[in-house]
Amino acid sequence: MSRAGGALLVVGDVVTDVVARHRTPLSPATDTAAEIRTLPGGAGANAACWAARSGAGAVRLLGRVGTDAAGWHERALRGAGVRPLLVQDPDAATATVIALVDGSAERTFLTDSGAALRLSPADWSAGLLDGVARLHLSGYLFFAAPSRETACRALRDARDAGVPVSVDPASAGFLAELGADRFLAAAEGAETLLPNADEARSLTGCGEPEAAAAELSRRFPLVVVTLGAAGALVAEGGAVTARVPAPPVRPVDSTGAGDAFTGAFLAARLAGADPVRAAEAGCRAGAEAVTVVGGRPEGLAEP
């Protein structure tokens, strides 16, 4: 069955982001002045929005949210051109992340996964792949048992249906807790792995991102390692095949830059771009993302 012109289905996290930008170092046990905004976020949701922004014709998002903010998130996704497939959890609140963004635009996250990682196999159906040309799994799903089982089932069903799957490992910190071997075993069968440099190091033990990218490409057909302002590495068949530069920009907030890369990369692949051209599109979107506050495209951060 031909899937040309098909949809992108993202299965992942929907999060309420509280972004606090502080220009001076944090002052323990007292006040630190900051600019604080509450915005829709989540690695999966952000990637879906950037994919739609980057020209993907049909983008769908499956995620689990609490009843507290379901309507707000649905409006934000629809406003970004994404079709929301949100499961409302009656017992857990929507996931919340506090992003502390310092004067250099680097961010540190405090994460309450809430309903996001309660996405269960009962929320998934192979029928969700109807009309889908690519499936993307947010790596956060792999960090809790129910959502990991769901992600593995989705990956298996996609492979059976001939739908290529990409995975974003999502968090070096959570990878360290779960263990690289468990993550790699769960993600086995994915066509594309999209780690950042820290995640690639965590998954391989290699000190240099080039070596990590090459090593991972022995397990996955295509590996693209993002390097922040330094661009991205493309690796296939056990070797780095390209290094793609990122446009120089003045950063404001690095929250969501990797999600922007992922969304634009996947939109380009859906349009028929080769991995290098897709990585170039991803680098452009990532550079744009760090010039705005929050993880969504400018003008789409708030519903």
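The values are calculated or read from the model by the stated rules, or taken from the named source; none is laboratory data. What you see is a predicted model; the values in this text were computed from it and never measured. Here Cβ is always computed from backbone atoms with ideal geometry, including for glycine, and neighbour counts include all displayed protein chains. Areas reflect the complete protein model, heavy atoms only, side chains present, ligands, DNA and RNA absent. Shrake-Rupley method; radii C 1.70, N 1.55, O 1.52, S 1.80 Å.
Within segment 216-303, considering only strands (runs of 3 or more DSSP E) that don't extend past its boundaries, which have at least 1 residues that are in contact (Cβ under 8 Å) with a residue 40 or more places away in the chain and of a type outside the set (Phe, Trp, Tyr)?
222-226, 232-236
Return only the number of the condition from (1) at negative phi; (2) within 20 Å of the chain's Cα centre (by Cα); (3) open to solvent by less than 60 Å² (accessible area, probe 1.4 Å); (4) not hydroxyl-bearing (Ser, Thr, Tyr) that residue 211 does not satisfy.
(2)
Does residue 167 satisfy being more than 17 Å from residue 117 (Cβ to Cβ) and in contact with a strand residue (DSSP E or B) (Cβ under 8 Å, 6 or more places away or on another chain)?
no
For residue 135, work out the one condition from (1) closer than 16 Å to residue 51 by Cβ; (2) part of a loop (DSSP other than H, G, I, E, B) it doesn't fulfil.
(2)
How many residues does segment 106-140 hold that are charged (D, E, K, R), open to solvent by 40 Å² or more (accessible area, probe 1.4 Å) and in contact with a helix residue (DSSP H, G or I) (Cβ under 7 Å, 6 or more places away or on another chain)?
Selection size over segment 106-140: 1.
So which residues in segment 249-279 are of a type in the set (Asp, Glu) and either within 17 Å of the chain's Cα centre (by Cα) or modelled with pLDDT under 95 (or both)?
Passing the criteria: 253, 259.
Mind listing whichever residues of segment 92-137 are of a type in the set (S, T, N, Q) and touching a strand residue (DSSP E or B) at 6+ places or on another chain (Cβ under 6 Å)?
If the condition is that a residue be of a type in the set (S, T, N, Q) and touching a strand residue (DSSP E or B) at 6+ places or on another chain (Cβ under 6 Å), then 94, 96, 108, 111, 113 are the ones that fit.
Given the conditions (1) surrounded by 23 or more Cβ atoms within 10 Å (Cβ to Cβ); (2) under 26 Å from residue 9 (Cα atoms); (3) of a type outside the set (Phe, Trp, Tyr), report the number of the one that residue 277 does not fulfil.
Here residue 277 clears every test but (1).
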